[in-house]
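The structure appears below as structure tokens.
The values are calculated or read from the model by the stated rules, or taken from the named source; none is laboratory data. The model shown is predicted, which means the values in this text are computed figures rather than measured ones. Please note: Cβ atoms are built from the backbone with ideal geometry, for glycine as well, and neighbour counts cover all protein chains shown. We work out accessible area using only protein heavy atoms, side chains counted, and drop any ligands, DNA or RNA first. Shrake-Rupley method; radii C 1.70, N 1.55, O 1.52, S 1.80 Å.
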Amino acid sequence: MTSQITTYDADVLVIGGGPAGSLAGMTLARRGVSTVLLDKKVFPRDKPCGGGIRHGVRRRFPELMRHLEQRVPIHEISKVMMEAPSGASVLATLEEPLYLTFRRIDFDAALLCCAQDAGARVIEGARIVAIERDDTGVTVGCADGRRLTARALVGADGVNSIVARAAGLTHGFTNAELAIDTMEETPLEELGVADPDAIYVAYGYKGWPGYGYVFPKRCCVDAGVGFLLPFFKETLGDAPYEHHARFLQEMSAKGVVRGSSNPDN
Ligand SMILES: Cc1cc2nc3c(=O)[nH]c(=O)nc-3n(C[C@H](O)[C@H](O)[C@H](O)COP(=O)(O)OP(=O)(O)OC[C@H]3O[C@@H](n4cnc5c(N)ncnc54)[C@H](O)[C@@H]3O)c2cc1C
């Protein structure tokens, strides 16, 4: 049973400081809504991700992108090499940049600063483990025992969202819905790319239910493979890193990258 909330720590609590949470926190704070944003991690924190977004965000969010580009090394991509399961490939080349790539560790930290600069109070290292709500508002409980109250809650806590579970929006995932993925971000001096303007994506890599990708960034290359979990467990075997290293060997043989995988990255 919850007690009626009489004092509030904020109008809105935002759970999660990834792109969704930081944008929500920034937007609310700019409109004068008192906002507390909580994340279980301490930033800068990494996030498994290719770190590629459509170039159109520069048009959609011009002011935000100007701000971010002063803080985050952002790289322009104007070519996309797509490989079919058969191994046949096609290269799409545009005059204008098509994608922007960056490291999530940098991008997310800079976005969180934007929320903070707009007036949101950010609390890091706060893992939410309990959510209670009644008609007076919402109370969240952190793993370390802290409790915060607000009139409303925004769930931006990613794919395993505790907020979505508390709201009955998801009950988790079955094995058939999950994938296993590897990635490394290795400096360009160690793992070079043949064409820094081109990203490479193999859809249905080798005809398997999965993918492989190579995304050049400003100072590093981000590469990885991913497979549907049931296929990986039942058919592929081997440790995930074995497939990752083999993918990069193949990319090297095809001339997409120069060098080999570094398991420490
Ligand atoms: C392998 C891979 C490659 C991808 N590549 C791309 C790509 O190239 N381009 C692209 O656009 N998208 C890509 N994505 C998808 C992209 O990463 C997500 O869509 C994006 O990160 C979602 O942002 P978000 O803010 O909703 O959640 P997240 O970025 O996941 O942020 C959620 C935040 O909530 C916090 N959190 C979680 N639980 C709690 C809790 N209980 N208490 C407090 N805090 C909590 C986490 O620490 C995290 O900081 C990729 C995803 C994967 C897995």
Residue that is most open to solvent (accessible area, probe 1.4 Å) [pool: residues in segment 47-58 that are at negative phi and either in contact with a Ser or Thr (Cβ under 6 Å, 6 or more places away or on another chain) or more than 9 Å from the ligand (Cβ to nearest atom) (or both)]:
58
So residue 190 clears everything in (1) in a loop (DSSP other than H, G, I, E, B); (2) under 20 Å from the mean Cα position of the chain (by Cα); (3) more than 15 Å from the ligand (Cβ to nearest atom) except one condition, right? Which one?
(2)
Failed condition for residue 129, given (1) out of contact with any Gly (no Cβ under 9 Å at 6 or more places or on another chain); (2) within 27 Å of residue 169 (Cα to Cα); (3) within 16 Å of the ligand (Cβ to nearest atom):
(1)
Quick one: how many residues across segment 229-265 are open to solvent by less than 30 Å² (accessible area, probe 1.4 Å) and among the hydroxyl-bearing types (Ser, Thr, Tyr)?
1
Among the residues of segment 62-83, are any assigned to a loop (DSSP other than H, G, I, E, B), more than 22 Å from residue 121 (Cβ to Cβ) and within 14 Å of the ligand (Cβ to nearest atom)?
yes
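Residue-by-condition table, conditions (1) of a type in the set (Lys, Arg); (2) touching a Lys or Arg at 6+ places or on another chain (Cβ under 9 Å); (3) farther than 30 Å from residue 139 by Cβ:
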{"site": "37", "(1), (2), (3)": "no, yes, no"}
{"site": "40", "(1), (2), (3)": "yes, yes, no"}
{"site": "46", "(1), (2), (3)": "no, yes, yes"}
{"site": "56", "(1), (2), (3)": "no, no, yes"}
{"site": "61", "(1), (2), (3)": "no, no, yes"}
{"site": "65", "(1), (2), (3)": "no, yes, yes"}
{"site": "76", "(1), (2), (3)": "no, no, yes"}
{"site": "81", "(1), (2), (3)": "no, no, yes"}
{"site": "86", "(1), (2), (3)": "no, no, yes"}
Conditions: (1) of a type outside the set (S, T, N, Q); (2) open to solvent by 50 Å² or more (accessible area, probe 1.4 Å); (3) within 12 Å of the ligand (Cβ to nearest atom); (4) in contact with a Gly (Cβ under 8 Å, 6 or more places away or on another chain). Residue 30 meets all but one. Number of the miss?
(3)
Hits in segment 201-228 - residues which are open to solvent by less than 50 Å² (accessible area, probe 1.4 Å), within 13 Å of the ligand (Cβ to nearest atom) and under 16 Å from residue 246 (Cα atoms)
201, 210, 212, 213, 214, 222, 223, 224, 225, 226, 227
Set 143, 156, 167: member being loosely packed, with under 15 Cβ neighbours inside 10 Å and near the ligand (Cβ under 10 Å from one of its atoms):
143
For segment 1-23, which residues satisfy the criterion of being open to solvent by less than 40 Å² (accessible area, probe 1.4 Å), near the ligand (Cβ under 9 Å from one of its atoms) and not in a loop (DSSP other than H, G, I, E, B)?
15, 21, 22
When the residues of segment 118-140 are filtered to those that are among the β-branched types (Val, Ile, Thr) and surrounded by fewer than 18 Cβ atoms within 10 Å (Cβ to Cβ), which remaining residue is nearest to the chain's Cα centre (by Cα)?
123
Given the conditions (1) open to solvent by 50 Å² or more (accessible area, probe 1.4 Å); (2) more than 15 Å from the ligand (Cβ to nearest atom); (3) part of a loop (DSSP other than H, G, I, E, B), report the number of the one that residue 44 does not fulfil.
(2)
